[in-house]
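One structure is given here, and the rest of the page talks about it.
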């Protein structure tokens, strides 16, 4: 699939799933030197066929590219294994972050973030190289990082997995909030390392099935399949 098509489908899927409203962006790695980020507009308004923006992985952001795309640059620089990134602001992740918490692995979707999603405590938007580097360092080798009260970032080898992780993270936050609301934050069951490793698998088309669910009905995907 063409990179522009992929980025557009990812953007619209994040919006359609309620993971991002007016803000957020997603990207794919084009090659060792460049990334392609979605158009700088609300992701749900990225039109099928609308081109993304090519950005160097090292160096100054081009004109019109959103300042927080620096996060993508710094993650791609540090993680040669990463092929796609989602930056989004979802309601349950933000509500949990307001308590300076990230989800504990309690269920299947939470298992992908064992032992816990890293938390970057800054409250300002990440619009400097220094802040973006700190976010990438906080994320380290994890699949996600929560950005204070400004949402989260997920990253993976392929677009299907980065998108799936975004949905999984919001669902893990939903479960954690429900447990906290019952006053069971300390007593509720959490997955062991062994259990999390056994559950957090990508074989069997796990990411592809979530991709199909989140992108269903996208006109660009329908055109691509034709």
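Here are some notes:
- Residues considered: 163, 169, 125, 96. Of these, the only one that is within 24 Å of residue 13 (Cα to Cα) and part of a loop (DSSP other than H, G, I, E, B) is 125.
- Search result, residues across segment 125-141 that are surrounded by fewer than 18 Cβ atoms within 10 Å (Cβ to Cβ) and either under 23 Å from residue 176 (Cα atoms) or without any contact (Cβ under 8 Å) to a residue 24 or more places away in the chain (or both): 130, 134, 138, 140, 141
- Selection count, segment 78-93, where residues are part of a helix (DSSP H, G or I) and closer than 17 Å to residue 164 by Cα: 3
- Against the conditions (1) surrounded by fewer than 15 Cβ atoms within 10 Å (Cβ to Cβ); (2) assigned to a loop (DSSP other than H, G, I, E, B); (3) touching a residue at least 24 places away in the same chain (Cβ under 8 Å), residue 208 satisfies every one except (2).
- Scanning segment 104-121 for residues that are part of a loop (DSSP other than H, G, I, E, B), in contact with a strand residue (DSSP E or B) (Cβ under 9 Å, 6 or more places away or on another chain) and buried (at least 24 other Cβ atoms within 10 Å of the Cβ) gives a single hit, 117.
- Considering residues of segment 184-196 that are touching a helix residue (DSSP H, G or I) at 6+ places or on another chain (Cβ under 8 Å) and assigned to a helix (DSSP H, G or I) only, the residue surrounded by the fewest Cβ atoms within 10 Å (Cβ to Cβ): 195
- Boolean, residue 159 is more than 25 Å from residue 7 (Cα to Cα) and surrounded by 18 or more Cβ atoms within 10 Å (Cβ to Cβ): no
- Residue within segment 129-136 that is touching a strand residue (DSSP E or B) at 6+ places or on another chain (Cβ under 8 Å) and under 21 Å from residue 3 (Cα atoms) present: no
- Remark: residue 35 matches the filter, which requires a residue to be under 18 Å from the mean Cα position of the chain (by Cα), part of a strand (DSSP E or B) and either at pLDDT below 95 or surrounded by 17 or more Cβ atoms within 10 Å (Cβ to Cβ) (or both).
- Residue, surrounded by the most Cβ atoms within 10 Å (Cβ to Cβ), within segment 56-81, restricted to residues that are closer than 14 Å to residue 37 by Cβ and in contact (Cβ under 8 Å) with a residue 60 or more places away in the chain: 71
The values are calculated or read from the model by the stated rules, or taken from the named source; none is laboratory data. Here the structure is a predicted model, which means the values were calculated and not measured. A quick note on method: Cβ atoms are made from the backbone with ideal geometry, for glycine too, and the neighbour counts reach across all protein chains shown.
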